[in-house]
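K.L.:
One structure is given below, represented as structure tokens, and several questions about it will come after.
The values are calculated or read from the model by the stated rules, or taken from the named source; none is laboratory data. Every value quoted in this text rests on a predicted model; they were computed, and no experiment measured them. For neighbour counting, all protein chains shown are included, and Cβ atoms are generated from backbone atoms with ideal geometry for every residue, glycine included. Areas reflect the complete protein model, heavy atoms only, side chains present, ligands, DNA and RNA absent. Shrake-Rupley method; radii C 1.70, N 1.55, O 1.52, S 1.80 Å.
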Amino acid sequence: MSKRTVIVSGGELEREFVLSVLKESDASCIIAVDRGMEFLYDNKIQPSYIVGDFDSVKEEVACYYRDETTVPIRQYNPEKDASDTEIAVRFAVTLGCQELLILGATGGRIDHLWANVQTLAIPFRAGIDARILDSRNQIRLLGGEAHLRKEDAFGKYFSVFPLGGEIYRFNITGARYPLRDHVLSPYDSLCVSNQIEGEEAVISFPAGIVILMETRDKEEKR
């Protein structure tokens, strides 16, 4: 049985892309987060769980799930100490997922996006492969060495940023802009928009966590 969980959150949800991910993901669990439940409702997809404070959900949709389905609902006070997406991510971890895809975590307010990126540290530290996805971006965390194969690449470009402090002895090989024994700093944009040069690029460093963003232009197709 698949141990993949998909969170459908309340940010930007591009219908065709989201539906294709849900179809291809073979998810054993779909968690709807606030306005994400409206997307699932509109597209006749039943979530496994609903999580959130319901502050941005149409009443008719909330009533449908409360009164006409048996979907478990975890509703929280809007005045809380974590975002709805973080609560859903923590819940997914407790359910024992091995892979986690987060949709609707981008678009709109940048503070929400940055909070969602930082939230990736929760499943990462639990040993779970977690990614934020939209039609032009795939965001995940790395903690050591990663091989980026061109044939599997999400998009044409990749960018790397430290999560936390500086990353020492940082290396990139097999890319247009290689690095060797570099100190990756949180305060510059050196590692933006790199590209895989050959069959694969390798990112390596002995300690710390980095954010890997694989991106593509709007016109680019995978």
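K.L.:
Using a 1.4 angstrom probe, figure out how much accessible area the chain has per residue, in square angstrom, rounded to the nearest whole.
P.N.:
Heavy-atom SASA per residue in the chain reads 54 Å².
K.L.:
Something else: Could you check the spin-label model distance between Asp129 and Val202? Points 7 Å from the Cα along Cα→Cβ, value in nm.
P.N.:
Inter-label distance under the simple model: 2.0 nm.
K.L.:
Restricting the count to DSSP beta bridges whose residues both fall in the chain, what percent are antiparallel, rounded to a multiple of 5?
P.N.:
Counting DSSP beta bridges with both partners in the chain, the antiparallel share is about 55 percent.
K.L.:
Can you tell me the relative contact order of the chain? Whole percent, Cα pairs under 8 Å, sequence separation 6 or more.
P.N.:
18 percent.
K.L.:
Share of the chain's accessible area from carbon and sulfur, percent, 1.4 Å?
P.N.:
46 percent
K.L.:
Roughly what angle does helix 110-119 make with the longest principal axis of the chain, taking Cα atoms, 0 to 90 degrees, to the nearest 10?
P.N.:
Taking Cα atoms only, the helix is inclined about 80 degrees.
K.L.:
By per-residue mean of other Cβ atoms within 10 Å, what is the highest-first order of 189-195, 46-52?
P.N.:
46-52, 189-195
K.L.:
Also, I was wondering about something else. By how many degrees, 0 to 90 and rounded to 10, does the Cα axis of helix 15-25 deviate from the longest principal axis of the chain?
P.N.:
So the inclination is approximately 80 degrees.
K.L.:
While we're here: Suppose the chain between Tyr64 and Ser193 were pulled fully straight at 0.36 nm per residue; how much longer would it get relative to their current alpha carbon spacing?
P.N.:
Taking 0.36 nm per residue and subtracting the Cα distance, the gain is 42.0 nm.
K.L.:
Here's another thing I want to ask about it. If you filter the stretch 1-110 for GluC sites (Glu not before Pro), then keep DSSP loop positions with at most 11 other Cβ within 10 Å, what is left?
P.N.:
Loop-located and lightly packed - Glu79.
K.L.:
For the chain, what is the calculated [θ] at 222 nm in deg cm²/dmol (nearest 500), taking -39500 (n - 2.57) for each run of four or more DSSP H residues and dividing by its residue count?
P.N.:
One gets -7000 deg cm²/dmol as the mean residue ellipticity at 222 nm.
K.L.:
Sort 89-95, 29-35 by the packing proxy (mean of other Cβ within 10 Å over each peptide's residues), most packed first.
P.N.:
Going by the mean number of other Cβ atoms within 10 Å, highest first, we get 29-35, 89-95.
K.L.:
Here's something else I'd like to know. Please give the helix 84-94 orientation as an angle from the longest Cα principal axis of the chain, in degrees from 0 to 90, rounded to the nearest 10.
P.N.:
With rounding to tens, the tilt is 80 degrees.
K.L.:
Ranked highest first by average number of other Cβ atoms within 10 Å, how do 141-154, 100-113, 204-217 line up?
P.N.:
So the peptides 141-154, 100-113, 204-217, ranked by packing, come out 100-113, 204-217, 141-154.
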